[in-house]
1. So which pairs qualify, if the first residue must be in region 14-29 and closer than 18 Å to PRO96 by Cα, the second must be in a helix (DSSP H, G or I), the Cβ gap must be under 7 Å, and the two must be at least 6 apart or on different chains?
2. Exactly one of these conditions fails for ASP56: (1) under 15 Å from the mean Cα position of the chain (by Cα); (2) closer than 21 Å to MET74 by Cβ. Give me its number.
3. Name the residue, out of ASP36, ASP30, ASP95, that is at pLDDT 95 or above and of a type in the set (Asp, Glu).
4. Please indicate, with yes or no, whether at least one residue in region 69-86 is closer than 24 Å to SER20 by Cβ and in contact (Cβ under 8 Å) with a residue 40 or more places away in the chain.
5. If you go through region 1-21, how many residues are surrounded by 11 or more Cβ atoms within 10 Å (Cβ to Cβ), modelled with pLDDT of 90 or more and charged (D, E, K, R)?
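The values are calculated or read from the model by the stated rules, or taken from the named source; none is laboratory data. Everything numeric here is computed off the predicted structure, so don't read it as measured data. Neighbour counts run over all protein chains shown; Cβ positions are idealised from the backbone, glycine included.
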Amino acid sequence: MISGTKEDTISKLKKAKSASRKLATKSNKDRSQALDLINKELLNSKDEILKANVKDIEEGKKNNLTSTLLDRLMLNEKRLLSMSESLKKVAGLPDPLDPGRR
């Protein structure tokens, strides 16, 4: 959702950055399992996400976002399922951090 303070957003971004550093030290299996968990949570939270997105779109319109930005912001079931499929594909890719691949 768009709502929240700038400080909330900065705090969430810092937590995400910290989590990404920790995840980079894990095995490919652990990273793939994390992606699988994210995918499950995405699907389990689909209705909540879509409801929040409606509010985001309304807020974006009030703030005069361009139609292009609104389209990028807009989620629907098809887009969420596409995200889910993408997460599955990434989880199944070879280890991008494997030193032998460089």
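1. As it stands, the answer is LEU23/ARG31; LEU23/ALA34, since those pairs meet every condition given.
2. Of everything listed in (1) under 15 Å from the mean Cα position of the chain (by Cα); (2) closer than 21 Å to MET74 by Cβ, ASP56 misses just condition (1).
3. Working: ASP30 fails: at pLDDT 95 or above; ASP95 fails: at pLDDT 95 or above.
After applying the criteria, what remains is ASP36.
4. Of all residues in region 69-86, those closer than 24 Å to SER20 by Cβ come to 72-73, 75, 79-80, 82-86.
Pick out the ones that are also in contact (Cβ under 8 Å) with a residue 40 or more places away in the chain and you get 83-84.
There is at least one residue in region 69-86 that is closer than 24 Å to SER20 by Cβ and in contact (Cβ under 8 Å) with a residue 40 or more places away in the chain.
5. Of the residues in region 1-21, 0 are surrounded by 11 or more Cβ atoms within 10 Å (Cβ to Cβ), modelled with pLDDT of 90 or more and charged (D, E, K, R).
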